[in-house]
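Please treat every number below as a calculation from the coordinates, not as lab data. The structure displayed is predicted, hence computed values, not measured ones. Cβ sites come from the backbone with ideal geometry, for glycine too, and all protein chains shown count toward neighbours.
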Amino acid sequence: MDIEAYLERIGYRGSRTPSVQTLRDMQLVHLLTVPFENLSIHAGEPIVLEDDALFEKIVARRRGGFCYELNGLFAALLRALGFNVSMLSARVANGNGDFTP
């Protein structure tokens, strides 16, 4: 991963030391600069969740992505910077409390 290119993409110029404050700062600029979007799904493009493919899409091509793409690449960045990262899954409950697939 090209850490410099990723940080340039999100406009981050702060500390790189793994800390709660660094995580907060990086997460904020990431949320403000990389849009949630699902255009690839609607365009019938393949969804590849490998780090290299995500980097190409989000950093090199300056696109956004959906949750798995954005969180996956952000996790890879954090790991590359020395953060201990655990990926967790979640689901959304509908109006009657049932969970969607």
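Observations
- Cβ charges +1 (Lys, Arg) and -1 (Asp, Glu), total dipole of the stretch 3-80, debye: 300
- For the stretch 1-66, GluC sites (Glu not before Pro) meeting the loop criterion (DSSP other than H, G, I, E, B) and having at most 15 other Cβ atoms within 10 Å: 37, 50.
- Global geometry of the stretch 3-80, whether rounded, prolate or oblate, following the gyration tensor of its Cα atoms and the 1.5 cut on a/c: prolate
- Under the Karplus curve 6.51 cos²θ - 1.76 cosθ + 1.60, θ = phi - 60°, whole-Hz ³J(HN,Hα) for the stretch 31-44, x wherever Gly or Pro sits: 4, 7, 10, 10, x, 6, 7, 10, 4, 4, 5, 5, 8, x
- Considering only 32, 54, 77, the Gaussian network model of the chain with Cα springs below 10 Å gives its largest mean-square fluctuation to 32.
- Shape of the stretch 40-101 from the C-alpha gyration tensor: oblate (a/c of 1.5 or more and a/b not above b/c, with a ≥ b ≥ c the square roots of its eigenvalues).
- Computed from backbone phi, the HN-Hα couplings of the stretch 9-24 come to 4, 8, x, 8, 10, x, 4, 10, 5, x, 7, 4, 5, 4, 4, 4 Hz, rounded to whole numbers (Karplus: 6.51 cos²θ - 1.76 cosθ + 1.60, θ = phi - 60°; Gly and Pro given as x).
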